[in-house]
1. Full-extension gain between residue 154 and residue 127, please, as 0.36 nm times their residue separation minus the C-alpha to C-alpha distance.
2. Using a 1.4 angstrom probe with every protein chain in place, what is the largest-first accessible-area order of 51, 99?
3. Sequence-distant or interchain residues sharing an amide H contact under 5 Å with residue 30, placed H: which?
4. For the residue pair residue 35 and residue 52, what label-to-label distance in nm results when each label sits 7 Å from Cα along the Cα-to-beta-carbon direction?
5. Once amide H atoms are placed 1.01 Å from N in the peptide plane, what residues at a sequence separation of 5 or more from residue 153, or on another chain, have their amide H within under 5 Å of its amide H?
6. Between Rg and the Kirkwood Rh of segment 34-151, both from Cα atoms, what is the Rg to Rh ratio?
7. How big is Rg to Rh over segment 37-81, alpha-carbon atoms, Rh as the Kirkwood inverse-mean-distance radius?
8. Cβ under 15 Å from residue 65's Cβ, residue 65 left aside: what net charge do those residues give with Lys, Arg +1 and Asp, Glu -1?
Amino acid sequence: MRVTRSAAIAVVLGATVVAAGAFAASPVTVRRCGYALSREWGQVAVYPWRMSCSAARATLTQSESTRNPIINFTADGADTFDGGAVKIAGKWWVCGGRMGFYFCGYPYRPATAPGSGGGTTYKGPFTKEFIDEACQDSSSLCQGKEQTVQPPLSFH
């Protein structure tokens, strides 16, 4: 049986899409519920997913406590969003962010990233999450809707 070059490329691309779909969780669009005060960023817009606005605000405040135990992620090559696992009110969350964009997701599922560097990271999906964005940097950061950052479904 002879397979044309375009058919072979289609098969490879199809397999890649299926593999990527199994690896990455889909992002979720969330609505801003209001604002909170972050110790790190000042006024922030809060976007909860599967949790109330007040619970998201409380988790944000607790996540910024210097007394919480933290596990820093060390994965080389995995997108850890400069985050770590943070124990908040007896439960482990993943919290992190960059440049005025911050998130916390629950639960923390420990994982090791593949590749030459490897290292500790986390896997998904989250069952609760909120993101917040620093409004002081730009009013365009605090839109009415945003997408959450769902972690990969699988690492080792």
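The values are calculated or read from the model by the stated rules, or taken from the named source; none is laboratory data. Keep in mind the model is a prediction, meaning the values are calculated, not measured. Positions of Cβ are generated from backbone atoms using ideal geometry, with glycine treated the same way; all protein chains shown enter the neighbour counts. Each accessible area value is taken on the protein alone, full model and side chains, heavy atoms only, with ligands, DNA and RNA left out. Shrake-Rupley method; radii C 1.70, N 1.55, O 1.52, S 1.80 Å.
1. Result for the pair: 8.2 nm of gain on full extension.
2. Greatest to least solvent exposure: 99, 51.
3. The answer is 146, 147, 148.
4. It works out to 2.2 nm between the two label points.
5. 24, 25, 124
6. Values: Rg = 13.9 Å, Rh = 14.4 Å.
Ratio of gyration radius to Kirkwood radius for segment 34-151: 0.96.
7. Details: Rg = 13.0 Å, Rh = 12.6 Å.
Across segment 37-81, the Cα-based Rg/Rh ratio is 1.03.
8. Values: positive: 39, 57, 67, 87, 91; negative: 40, 64.
Net local charge, residue 65 excluded: +3.
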